[in-house]
Amino acid sequence: MLRGKKLITCAIAQMKPLLGDVRKNLDKHLDYIEKAKQQQANVIAFPELSLTGYNLQDLSYDVALTINSREIQQLVQKSSDIDIIFSFVEEDERHSFYISSIYASMGKILHIHRKVYLPTYGLFDEARYFDAGNRIQAFSTEDARIGMLICEDAWHPSTAYILSTDGAHVIYVVAASPGRGPIDGQIQSNLWWQTTIRSYAQLHGVYVVYVNRVGYEDGLSFAGGSSVYDSEGNLVLQAPNLDEGLFMANIDLRKIRRSRIANPLKRNEKLDLTIKELQRISAKTNEQLITPSLGGQRDEK
């Protein structure tokens, strides 16, 4: 049951981080936060690795921050009157490194999501420098139940399913997605993103807020095109490709109830069946890994 505000004003900071310069990026965050507050925003969301830039490679270890670091706590303290979602390289007490995103509210950290799926193919080399997270969980704010994903996480359909099944009303996808494949004057990778997040919004009856960065790093052009879709799959906000800026969207939480009454997919979901079949598939997969086929013949079990 939704308890707080029914209408949330969300500010999307489609920013251009400076590679490896945490201090200047922190200043940009603080500036965007003040601008969002002036426009009466209730929450502001920044893209993936907004405090550090993306293509860090060996710089990852130099710019890493613990959750108790001065820079992180400065942003958390700013959340006393506006919720803040921001992303950074997190170092834990074991000196493992993660691509992480924090949701801060009322001067506290409500949730930390560590990127689960680390692309290591084509342009990407994340698993060489970072550890993978091992949790996908929704969490509650005063107003709604929230889920967070980081870029590649959202390309695995199970993640949005898990978050919506865990009660999420709004899913934030923060990204550092390069622009690829120009087609008919459009950026093809942005079209892929729109198709994906729109389908999640419509199928799961949730708002999806996609926050992508812009700018250039070592020949990579980040595509922007941040957007918001409502719980019926309608486009609420479309930010421009490639341009830096602050963009505002309203999230009407009352619409979620109406959407789920009209299209009761969540209500009719057979979670026990899903769990049972996934356990069956997992057991079969594990058995095939443990018991290799004999004589070069495929195991047909």
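The residues of segment 263-299 that are among the polar types (S, T, N, Q), over 30 Å from residue 206 (Cα atoms) and at pLDDT 80 or above, listed by number, are 285, 286, 288.
The set of residues in segment 76-94 that are over 19 Å from residue 11 (Cα atoms) and loosely packed, with under 14 Cβ neighbours inside 10 Å comprises 93, 94. Does segment 214-234 hold any residues that are in a strand (DSSP E or B) and without any contact (Cβ under 8 Å) to a residue 40 or more places away in the chain, and which are they? Listed by number, the residues that qualify are 216, 227, 229. Every residue in segment 42-69 that is surrounded by fewer than 23 Cβ atoms within 10 Å (Cβ to Cβ), farther than 26 Å from residue 97 by Cα and of a type in the set (A, V, I, L, M, F, W, C), please. Residues satisfying the conditions do not exist here. For residue 226, are the conditions met, namely being among the small types (Gly, Ala, Ser), under 30 Å from residue 261 (Cβ atoms), surrounded by 24 or more Cβ atoms within 10 Å (Cβ to Cβ) and within 14 Å of the chain's Cα centre (by Cα)? Yes, satisfied. A single member of 37, 28, 24 is free of Cβ contacts under 8 Å to residues at least 60 places away in the same chain and out of contact with any strand residue (DSSP E or B) (no Cβ under 9 Å at 6 or more places or on another chain), and it is 24. Filtering 211, 206 for residues that are buried (at least 19 other Cβ atoms within 10 Å of the Cβ), modelled with pLDDT of 95 or more, out of contact with any helix residue (DSSP H, G or I) (no Cβ under 9 Å at 6 or more places or on another chain) and among the aliphatic types (A, V, I, L, M) leaves a single hit, 211.
One residue is enough: does segment 248-260 have a residue meeting the conditions of a type outside the set (A, V, I, L, M), touching a residue at least 40 places away in the same chain (Cβ under 8 Å) and part of a strand (DSSP E or B)? Yes: one or more hits.
In segment 117-132, the residues that are loosely packed, with under 14 Cβ neighbours inside 10 Å form Cβ pairs under 8 Å with partners that are hydroxyl-bearing (Ser, Thr, Tyr), at six or more places apart or across chains, as follows: 127/120; 128/120. Of all the criteria given as (1) surrounded by 14 or more Cβ atoms within 10 Å (Cβ to Cβ); (2) touching a helix residue (DSSP H, G or I) at 6+ places or on another chain (Cβ under 7 Å); (3) among the hydrophobic types (A, V, I, L, M, F, W, C), the one not satisfied by residue 247 is (2).
Answer with yes or no whether residue 168 is small (Gly, Ala, Ser), on the phi < 0 side of the Ramachandran plot and in a loop (DSSP other than H, G, I, E, B). Yes; evaluated as a whole, the condition is true for this residue. Scanning segment 60-102 for residues that are hydroxyl-bearing (Ser, Thr, Tyr) and part of a loop (DSSP other than H, G, I, E, B) returns 66, 69, 96.
The values are calculated or read from the model by the stated rules, or taken from the named source; none is laboratory data. Predicted model, so just to flag it, every value in this text is computed and none were measured. Backbone-built Cβ (ideal geometry, glycine too); neighbour counts: all protein chains shown.
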